[in-house]
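The values are calculated or read from the model by the stated rules, or taken from the named source; none is laboratory data. Keep in mind that what you see is a predicted model, and the values were worked out from it rather than measured. Reconstructed Cβ throughout: ideal geometry from the backbone, glycine too, with neighbour counts over all protein chains shown. Calculation scope for accessible area: heavy atoms of the full protein, side chains included, ligands and nucleic acids excluded. Shrake-Rupley method; radii C 1.70, N 1.55, O 1.52, S 1.80 Å.
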Amino acid sequence: LLLRWRRRRALWRKVAEAQERQERSLVRMEAAVQRFREQHPSVSMASIVSLPLPELSKKLRDGSLPPDHVFYAYVGKALQLATETNCITEYLQESESQVRKAKQMEKQGLLYGVPVSIKDSIDCQGHDSTLGFIKNLNKPAAEDSVVVQVLKRQGAIPFVKTNVPQSLISYDCKNLIFGQTRNPLLYTRTPGGSSGGEGALVGGGGSALGIGTDVGGSLRFPAAFCGICAIKPTGKRLSKRGVMSGVVGQKAVAAAVGPLAKDVESLALCLRALLSEDMFSLDSTVPPLPFNEEVYSSTKPLRIGYYETDFFTMPSPAMRRAVRETKQLLEEAGHTLVPFELTNVDHVIFNYCVRGMFADGGSSFVEKFKGELEKGGTGMFFWLAKAPHWLKTLLSWISKPFVPRFSSIIRSMKENTVDEVWSLHQEIEDFCHQFLSQWKKLNLDVMLCPMLGPALGIGYPAKLSVAVSYTMLYNALDFPAGVVPVTLVTDEDEQQLKGYKGYYQDWWDRTLAKAFRGGVGMPVAVQCVALPWQEELCLRFMKEVETL
C-alpha cells in the first residue's frame with residue numbers, strides 16, 4: 001500500500017508539472033501578444049482573424065499582410081479561446097522564430113505565414129504527444145510527423161497543440177492531465193472528439209486551419225458540433241507517419257489525418273498544399289496523387305445518393321430536417337437526388353467496427369491504461385475489455401432479450417483467433433464491394449448523409465458510444481467523408497424532440513434523447529461522401545452544399 005501510495009503521488013506530481021507547463025504556455029502567449037501590441041499599436045488584430053483563410057493566404061503571399069501581424073493576431077485570439085474553452089495544451093514557442101525566418105523565405109509555399117494548430121497526437125519535434133496518458137508525459141517527439149514537416153515546407157507555422165480525450169477512443173474531449181475542453185458556442189456542450197481541442201479552437205476563430213485525425217468520426221464530430229467544416233480523407237491519402245494512434249496496429253477500421261477549417265475552400269487549400277512532392281518523397285507509402293483541380297472546380301450537375309437515417313441511431317428532428325432541406329436545395333440547383341437504402345448498419349458497427357478494433361478482446365487497449373490514475377471517457381469499453389471471457393458470454397446471454405445492442409457489443413469484444421481476424425478482414429472487404437456495387441448500380445457520384453447533432457452535453461459521449469454509427473460506417477468502408485454545417489436547431493425541432501423514441505427504445509435511446517435537448521441555436525451539419533481517393537469530388541460536393 002505504501003509503494004502504491006508513493007507511485008500515485010509521483011504520478012500526481014507529473015500531472016501537476018504538466019498543468020504548470022500548460023499554464024506557462026498561456027503566460028508566454030500573453031507576453032508575446034503584449035510585446036507585439038506595444039510595438040504595433042495600430043494593427044487591427046480583429047480584422048486579421050476575421051479574414052477567410054484563402055483571402056488571408058493571398059494577402060500573406062502578395063505581401064500586403066506581414067506574417068508577424070497575422071501570427072500574433074492568431075496567438076491573441078487563440079489565447080482568448082484557451083481561457084474560455086481550455087482547448088490548448090501547449091504553445092510551440094519555436095513558432096516565433098519561424099515567423100522571423102518566414103520574412104526571409106525566398107520560396108513561398110501555398111500556406112506561407114499561415115498559423116496552424118496541431119492535435120496533441122500528431123508529433124511535433126521537442127513536444128509530447130500524450131493522448132491524455134500520464135505515461136506519455138516528458139517524452140518529447142524526436143522529429144516532426146510527416147504532415148507537420150510538409151506544412152512547414154509549405155510555409156505554414158504550427159503554433160499550438162490542442163487537447164484530446166484520454167486514449168482518443170471517445171468523441172468527448174477530456175483527460176486527467178489537461179481537463180475538459182468546452183464547446184465555444186455553448187460551454188455546457190462538448191466540442192466533440194477526439195480532435196475536440198481543434199474543433200473548439202478553429203470553431204471559436206483562434207486558428208485558421210487545424211490538423212486532426214479520425215478513426216470513427218474524430219474530425220467530423222468536432223467540426224459538426226462546433227459549426228465548422230472538416231474532411232476525413234481516404235486512410236492512406238495523407239501520411240500517418242509520426243501520428244499516434246488510439247488502437248495501434250488494427251486494420252479493420254481505417255484511420256485518417258485531415259484538416260478542419262471555417263469553410264470548404266480552406267480545406268481545399270490545405271489539401272492542395274499537403275498533396276505535394278514533399279509528402280510523396282517524405283513518405284513513399286502515400287500514393288503520388290496531387291490535388292485534382294479539374295475535379296474540384298467542375299460545375300457538372302451531380303448524381304447524389306441520400307438517406308435520412310441508418311435505422312440504427314434515430315436522427316434528431318434537426319438532423320432529419322438538415323438532410324431534407326439540403327436535398328431540396330440541391331434538386332433546385334439542377335442535381336439529381338436518388339434514395340439510397342442502408343441495411344445491416346448494426347452488423348457493421350458491432351461485427352466490423354467494435355470487433356475489428358478490439359479483436360484481441362481489448363487487451364492491448366486495457367494495457368494502455370496500466371499505471372494511469374484514471375480510466376475516464378471510454379465508457380463501458382474499458383470495463384468490458386477487462387472482463388473475463390466467461391463473464392462476457394454470460395452477460396451477453398442474459399442481456400440479449402432486454403438490451404440487444406448491449407448484448408451485441410459484449411459479443412463483439414471477445415478475443416479472436418488469427419484465423420477469425422483474417423475472416424473478419426475478408427468480410428469487411430466483401431461488404432465494401434457490396435456497398436460499391438449498390439453505389440454503381442445507382443450510378444452515383446457522391447452521397448448526402450446525416451451527421452449526429454446538435455452537440456451533446458458534456459459527459460454524454462461516454463454513455464453513448466453507439467451513436468457513432470453515422471460516421472464510423474465510412475471508416476469501415478474507408479471512403480472520404482466531410483461535414484458542412486447547414487442549419488441551426490429551431491424551437492420546433494426542440495418541440496419534436498419530445499416524441500423521440502429511438503429504434504430500440506433502450507437505455508441508450510433514452511439517454512440520446514436527453515443529450516440532444518437544449519440545443520436551440522446550435523449548428524447541425526450534413527455529411528458528404530465520395531468514393532475512395534476522390535477527396536476532390538467530396539470537396540466539390542461540400543462546396544456546393546455550403547454555397548446553397
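Summary table
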quantity	calculated
The stretch 327-351, residues that are open to solvent by 10 Å² or more (accessible area, probe 1.4 Å), part of a helix (DSSP H, G or I) and more than 16 Å from residue 473 (Cβ to Cβ)	327, 328, 329, 331, 332
For residue 51: the one exception among (1) within 20 Å of residue 199 (Cα to Cα); (2) in contact (Cβ under 8 Å) with a residue 40 or more places away in the chain	(2)
Considering residues of the stretch 375-384 that are farther than 23 Å from residue 345 by Cα and among the small types (Gly, Ala, Ser) only, the residue surrounded by the most Cβ atoms within 10 Å (Cβ to Cβ)	377
Elements of type strands (runs of 3 or more DSSP E) contained in the stretch 207-317, each with 3 or more residues being under 22 Å from the mean Cα position of the chain (by Cα) and small (Gly, Ala, Ser)	256-261
Failed item, numbered, when residue 497 is tested on (1) touching a residue at least 40 places away in the same chain (Cβ under 8 Å); (2) touching a Ser or Thr at 6+ places or on another chain (Cβ under 8 Å); (3) open to solvent by 20 Å² or more (accessible area, probe 1.4 Å)	(3)
Those residues of the stretch 102-138 which are within 13 Å of residue 151 (Cβ to Cβ) and basic (Lys, Arg), in sequence order	119
Hits in the stretch 140-182 - residues which are of a type in the set (Gly, Ala, Ser) and in a loop (DSSP other than H, G, I, E, B)	142, 145, 155, 156, 167, 170
Of all residues making up the stretch 183-204, the number that are in contact with a helix residue (DSSP H, G or I) (Cβ under 9 Å, 6 or more places away or on another chain), open to solvent by 10 Å² or more (accessible area, probe 1.4 Å) and in a loop (DSSP other than H, G, I, E, B)	4
Matching helices (runs of 4 or more DSSP H) fully within the stretch 390-480 where at least 3 residues are open to solvent by 20 Å² or more (accessible area, probe 1.4 Å)	404-412, 418-441, 460-463
